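This report concerns only the one structure given below.
Read-outs throughout are calculated quantities, based only on the coordinates presented, and are distinct from any laboratory measurement. Predicted model only: the values in this text are computed from it and were never measured. Here the Cβ is made from the backbone with ideal geometry for all residues, glycine too, and neighbour counts use every protein chain on show.
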Amino acid sequence: MNAAAPLLEVRNLVKHFRVAGGLFGGRSGLIRAVDGVSFELRRGETLGLVGESGCGKTTTGRCILQLERPTSGEVIFEGRDLTRLGEDELRAVRRKMQVIFQDPYSSLNPRMTVGQIIAEPLAVHGIVTERRSRAQRVRDLLSHVGLLPQHADRYPHQLSGGQRQRVGIARALAVEPALIICDEPVSALDVSIQAQIINLLSDRVAVMYLGKIVEITDRKSLYDVPLHPYTKALLSAVPIPDPVLEAQRERVVLGGEVPSPLNPPPGCVFHPRCPIAVDRCRREVPELREIRAGHRAACILA
């Protein structure tokens with residue numbers, strides 16, 4: 001395998017969900033949850049997807065894992081297009097692809113101890129076959145995520161939300177995957193710990209809005225020189241722990257609500273809420289183009 005090749009390539013990923021009219025004659029149609037998303041990920045790199053609830057982040061992750069089959073597009077993992085693989089072929093690939101779910105409680109079997117939950121993938125995939133060695137591996141993984149050996153004997157309901165999330169992380173790390181999809185993995189952790197983990201996780205950041213990526217670059221460039229008006233609005237909503245600076249900075253307040261993915265607006269999907277939109281934005285779909293080196297944005301005015 002070419003070491004310089006991307007670990008993951010997502011090309012023009014589309015996922016539409018068909019909805020029926022309902023009992024009282026509501027409108028049927030297609031929900032455009034993900035609408036033409038493309039990006040690459042290299043080995044050892046992390047990419048954060050950010051955006052408001054319902055913008056398509058979780059659906060993108062589920063399509064990469066093939067938990068949802070895409071409507072169209074390609075998901076190329078280690079040189080193979082996962083969208084063309086059958087279930088048997090996917091089963092062999094999934095050892096290399098793990099997920100950390102947003103809700104750590106519902107994703108853990110309440111009838112299994114923490115030790116059994118973490119040891120299960122080791123046994124299923126034949127990674128550690130001897131029982132005593134598996135127990136030692138479980139202890140090592142618990143230590144790695146900041147839990148004690150005695151946590152192995154507890155059940156999920158006996159743990160805090162943060163501890164359950166750490167168990168989910170340990171389970172994902174157990175099989176030493178090449179790719180981990182994290183669906184808001186820090187949501188159950190304390191705010192101070194959230195910041196530390198996010199700083200460790202994100203090399204690059206992609207900003208999503210209504211199923212599309214509107215900006216993507218490294219995290220420093222995104223914070224220092226945001227190019228898309230939606231990114232600027234998101235960053236202006238982040239509180240600054242200094243009352244003087246907080247009072248002085250300019251706020252970007254967006255009007256209206258996020259449009260429905262059942263009926264997205266024509267042209268740039270952000271134009272109904274954009275503070276700098278012009279007539280052209282209502283007609284043209286902006287290309288996600290490189291504006292600065294390694295910094296792409298989907299805005300005709302950037």
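Key figures for this structure:
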read-out: Calculated FRET value between K96 and L301, using beta carbons and R₀ = 35 Å, to 0.05; value: 0.25
read-out: Loop-exposed chymotrypsin sites (Phe, Trp or Tyr not before Pro) per DSSP, neighbour cap 15 Cβ within 10 angstrom, longest uninterrupted part of the chain; value: 106-302
read-out: Three-way shape call for segment 86-178 based on the alpha-carbon gyration tensor, with the a/c threshold at 1.5; value: oblate
read-out: Links that overshoot a 21 Å alpha carbon limit, given the list K57/K212; K96/K212; K57/K232; value: K96/K212
read-out: Relative contact order (percent, whole number), the chain, Cα cutoff 8 Å, 6+ residue spacing; value: 18
read-out: Under the span-like rule (Cα at least 24 Å along the axis, Kyte-Doolittle mean at least 1.6), DSSP H helices of the chain; value: none
read-out: Segment 214-302: GluC sites (Glu not before Pro) in DSSP loop, at most 14 other beta carbons within 10 Å; value: E250, E257, E284, E287
read-out: FRET efficiency estimate (nearest 0.05) - Cβ-Cβ, S106 to H144, R0 22 angstrom; value: 0.40
read-out: Ranking of T231, T46, T71, T59 by count of other Cβ atoms within 10 Å, fewest first; value: T46, T71, T59, T231
read-out: Segment 149-170 versus segment 215-241: alpha-carbon centroid distance in Å; value: 34
read-out: Antiparallel bridges, percent of DSSP beta bridges restricted to the chain (to nearest 5); value: 80
read-out: From phi via Karplus (6.51, -1.76, 1.60), per-residue ³J(HN,Hα) for segment 90-97 in Hz, x at Gly/Pro; value: 5, 4, 6, 7, 5, 4, 7, 10
read-out: By average C-beta atoms within 10 angstrom, highest first, the peptides 118-130, 158-170; value: 158-170, 118-130
